[in-house]
Structures are given as C-alpha cells and as structure tokens.
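Heads up: the structure comes next, in structure tokens.
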C-alpha cells in the first residue's frame, strides 16, 4: 500500500512521534497481539459479513493472472 500511494512505510508513526516531541508529550510504544485484534473484529461482524470477508480473503490468494475474464 505504501508503494501504491507513494508513502514511506512508517511515515504516520514518524509524524506522530514528531508531533508528540514538538508538544513535549511522552511517547509510548505499545502494541497488542494480532490474535486478540482479529477475535474482536470477528465478534463485531455478523454471519453474512464474515462470509463476505472470508470470500474476499480466499479471492485474494488467487493471482490475478489466474482469473479468467
């Protein structure tokens, strides 16, 4: 995505750090295990939405060249 939009990876994090430092605010580098985030996301959507997401994920693993138009 970064390449597609011409953005340097991590640019938003660097901008946030610069903004915090300019305001003399503390910087906390925190993260959450991805499994927890995914579980919360799955619980927040309905059954049909889950099917749509799974279909989209399944379709994304098939290279575009292999899909006939």
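Do we find that residue 26 is modelled with pLDDT of 90 or more, touching a helix residue (DSSP H, G or I) at 6+ places or on another chain (Cβ under 8 Å) and in a loop (DSSP other than H, G, I, E, B) in this structure?
Working: modelled with pLDDT of 90 or more: yes; touching a helix residue (DSSP H, G or I) at 6+ places or on another chain (Cβ under 8 Å): yes; in a loop (DSSP other than H, G, I, E, B): yes.
Yes.
If a residue must be assigned to a loop (DSSP other than H, G, I, E, B) and within 14 Å of residue 29 (Cβ to Cβ), how many such residues does the range 1-16 contain?
If we filter the range 1-16 for residues that are assigned to a loop (DSSP other than H, G, I, E, B), which is where we start, we get 1, 6-10.
Subset that is within 14 Å of residue 29 (Cβ to Cβ): 10.
Final tally of qualifying residues: 1.
The values are calculated or read from the model by the stated rules, or taken from the named source; none is laboratory data. This one's a predicted model, so the numbers in the text were calculated from it and none came from an experiment. Here the Cβ is made from the backbone with ideal geometry for all residues, glycine too, and neighbour counts use every protein chain on show.
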